[in-house]
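Below: one structure, written as structure tokens.
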Amino acid sequence: MEKIIFLILFSVQLVQAQPVQELTQIALQQNLDLKILEQQYLAALELAPEVKQLPQPELGVGGFPLPVQTRLGPQAIRVSLMQQLPWWGILDSKEALALSKAKAAYEQIAVQALTVKYKLEQAYFELYELRAQQGLTQRNIAILKSLERVALASVESGEATTVEVLRVQLQLAEEQQALKILNRLETKPMSRINQLLNRDLNSPIAVLDSLEFAIIELDSAAIINTITANHPALKIYELQQATAQAALKVNELANKPSFSIGADYIFVNDRQDINFLDNGRDAVQLRANLTIPIYRKAYEAKKRAEQISIARLENEKSNTLQQFLATIEQAFADYESAKLRLDLYQQQKEITQSTIGVLEANYSAADTGFEELLRLEAALIAYDLKVLKVVVESWKLKSEIERLIGTNEK
């Protein structure tokens, strides 16, 4: 006997199915959160040349309402030019501080990229599961309709009561309603995916036809080394510590004396009461100022604050690493549990399929084995659903582990 039911995994799609890796690459290029962080990074880079330049020179003009009489004549106008010169190396240290902050902003892009990848994968696998569930539900509806026909025939022949028909119809109505609910639930993962891709929320998404159980080939030692060396979230702590060190350097140099050099040009009018050589000659005055940092409380407070920040960041880095490792251990435990459950469900499927084969071989139109055959087909769908959930769970766990490891590669 041929199979009564054929499997419809997905509804008809007008677009070609895309693997999750392809959608991830689009998201990494189009996601608005990533673009915002990139713009913040570029803006942070622009601060480096700004902080490195000398302070703007000061130009001043002064007049004498009551002129000061000198031997050469009364002073009329004074023009001043003054340039402040910070301590040697402070401008370079300010540039290094700005660049250090920009590097931390750049690593934030990498952290967000991992988050975008993780969110997209989770939504993708959720959408895949919903569509596969729709196919299994449609398959189950077909079986229930066959059972309904068998029950109606039994009632007509007097071998059963209408209770059996009503029971099947109740299950059929439940499955039909479940199918409508599954169709509506697609909106949630689809909108999340499209939002991450920065496109219309109603854009169609076609997932792959089938997924096998995810394979993870990693050992604990490699994971620890990879996380410690490469994870951008941990690098951010290191860069923030480097920023605090750079801030300490700036603070130290800012507590050094600063200089100002300049000149005054004084316009002098001629004396009218006497005529002599150099009468009304203008005057030039050179000036130099020295700012002495006597008050050190602000300097000491800033130094202590940055040192505390460095120690705090080290503790936060260690705590984050421990959280990553603990979460990965739990994810691997769940992954191994999923493998064991997959083995069990596959064994149960094989037994059920063998039983169906025996019934099909012994089936005859006059035999009542047809109803039992349909019930076993329904049981087979239940195992297919369990296998589906385990497979999707394995891909979600792999996605979570990759996010914690800090890799953008599949």
**Request:** Check off (1) crowded, with 16+ Cβ neighbours inside 10 Å; (2) out of contact with any strand residue (DSSP E or B) (no Cβ under 7 Å at 6 or more places or on another chain); (3) over 30 Å from Gln133 (Cβ atoms) for Asn194 and give me the number that stays unchecked.
**Result:** (3)
**Item:** Condition broken by Arg139, with the remaining ones in (1) over 33 Å from the mean Cα position of the chain (by Cα); (2) basic (Lys, Arg); (3) open to solvent by 40 Å² or more (accessible area, probe 1.4 Å) satisfied
**Value:** (3)
**Request:** Read through the list (1) within 23 Å of Glu212 (Cβ to Cβ); (2) modelled with pLDDT under 90; (3) of a type in the set (Ser, Thr, Tyr); (4) assigned to a helix (DSSP H, G or I), then give the number of the only condition that Thr355 fails.
**Result:** (1)
**Filter result for Gly89 (under 30 Å from Asp273 (Cα atoms) and either at pLDDT 85 or above or open to solvent by less than 70 Å² (accessible area, probe 1.4 Å) (or both))** = no
**Item:** Subset of region 286-304 that is among the aliphatic types (A, V, I, L, M) and open to solvent by 50 Å² or more (accessible area, probe 1.4 Å) - its residue that is nearest to the chain's Cα centre (by Cα)
**Value:** Ala298
**Asked** Mind checking whether some residue in region 214-234 is under 18 Å from Leu99 (Cβ atoms) and open to solvent by 50 Å² or more (accessible area, probe 1.4 Å)?
**Response** no
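This table checks each residue for (1) in contact with a Ser or Thr (Cβ under 6 Å, 6 or more places away or on another chain); (2) basic (Lys, Arg); (3) touching a residue at least 40 places away in the same chain (Cβ under 8 Å).
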| position | (1), (2), (3) |
| --- | --- |
| Ile292 | no, no, no |
| Arg296 | no, yes, yes |
| Ala331 | no, no, yes |
| Asp343 | no, no, no |
**Prompt:** Is there a residue being at pLDDT 90 or above, in contact with a Leu (Cβ under 7 Å, 6 or more places away or on another chain) and open to solvent by less than 70 Å² (accessible area, probe 1.4 Å) anywhere in region 264-278?
**Reply:** no
**Asked** How many residues are touching a residue at least 60 places away in the same chain (Cβ under 8 Å) and under 16 Å from Thr327 (Cα atoms) when one looks only at region 221-254?
**Response** 8
**Unmet requirement for Glu314, which otherwise passes all of (1) closer than 30 Å to Leu385 by Cα; (2) under 32 Å from the mean Cα position of the chain (by Cα)** = (1)
**Message:** Just to be sure I understand, how many residues within region 1-55 are open to solvent by less than 50 Å² (accessible area, probe 1.4 Å), modelled with pLDDT of 90 or more and β-branched (Val, Ile, Thr)?
**Reply:** 2
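Restricting attention to region 151-174, and to residues there that are among the aliphatic types (A, V, I, L, M) and either touching a Leu at 6+ places or on another chain (Cβ under 7 Å) or surrounded by 18 or more Cβ atoms within 10 Å (Cβ to Cβ) (or both), which single residue is modelled with the highest pLDDT? Write out each step before concluding.
Of region 151-174, the ones among the aliphatic types (A, V, I, L, M) are 151-153, 155, 160, 163, 165-166, 168, 170, 172-173.
In the following step, the residues that additionally are either touching a Leu at 6+ places or on another chain (Cβ under 7 Å) or surrounded by 18 or more Cβ atoms within 10 Å (Cβ to Cβ) (or both) were identified as 151, 165, 168, 172.
Values: Ala151: 80, Val165: 83, Val168: 83, Leu172: 91.
Taking the candidates together, the pick is Leu172.
The values are calculated or read from the model by the stated rules, or taken from the named source; none is laboratory data. All figures in this text were calculated on a predicted structure; none of them were measured in a lab. Reconstructed Cβ throughout: ideal geometry from the backbone, glycine too, with neighbour counts over all protein chains shown. Just so you know, the surface numbers come from the protein's heavy atoms only, side chains and all, with ligands and any DNA or RNA stripped out. Shrake-Rupley method; radii C 1.70, N 1.55, O 1.52, S 1.80 Å.
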